[in-house]
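The values are calculated or read from the model by the stated rules, or taken from the named source; none is laboratory data. Everything numeric here is computed off the predicted structure, so don't read it as measured data. A quick note on method: Cβ atoms are made from the backbone with ideal geometry, for glycine too, and the neighbour counts reach across all protein chains shown.
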Amino acid sequence: MRKPRDFDAELKALEDKARDLKARKVQQLGELVISTGADALSADELAGALIVLTETKDTGKREAWAKRGAAFFQGRARRSVSAPDRDGGDPPAQPGGAQPTSGGAGAT
């Protein structure tokens with residue numbers, strides 16, 4: 001005979017997994033805000049910038065932002081591998097990376 005399935009236990013396991021995934025997503029978003037230097041912005045400024053980003057339909061801008069984001073993550077991966085070599089260059093890179101994005105979006 002087959003063993004009956006415990007649907008309640010399966011549902012609880014799925015709910016626990018969903019809760020863990022949501023918590024990890026929130027943590028990763030917070031880490032992203034900090035690593036990009038956006039934690040220096042007020043909550044209102046950050047929310048406003050994100051709203052503008054989500055409302056933007058210009059594919060050229062979105063592609064440019066995606067390229068900058070990919071470059072950021074590639075640079076971050078290299079930094080974690082060779083952190084002592086890049087320590088001196090990191091602080092100027094973060095503020096410089098944040099300013100052209102907002103300046104580029106306003107200029108375009």
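General observations
- Test result for GLY37, surrounded by 12 or more Cβ atoms within 10 Å (Cβ to Cβ), modelled with pLDDT under 95, more than 12 Å from the chain's Cα centre (by Cα) and among the small types (Gly, Ala, Ser): no
- Selection from the range 1-30 of residues that are within 23 Å of GLY69 (Cβ to Cβ), loosely packed, with under 11 Cβ neighbours inside 10 Å and not hydrophobic (A, V, I, L, M, F, W, C): LYS22, ARG24, LYS25, GLN27, GLN28
- Taking each residue of the range 39-51 that is part of a helix (DSSP H, G or I) and looking for partners that are of a type in the set (A, V, I, L, M) with beta-carbon atoms closer than 6 Å, six or more apart or interchain, yields ASP39/VAL33; LEU46/ALA38.
- Out of ASP87, ASP16, sole residue that is at pLDDT 95 or above and in a helix (DSSP H, G or I): ASP16
- Test: residue in the range 47-58 that is surrounded by 10 or more Cβ atoms within 10 Å (Cβ to Cβ) and among the basic types (Lys, Arg): no
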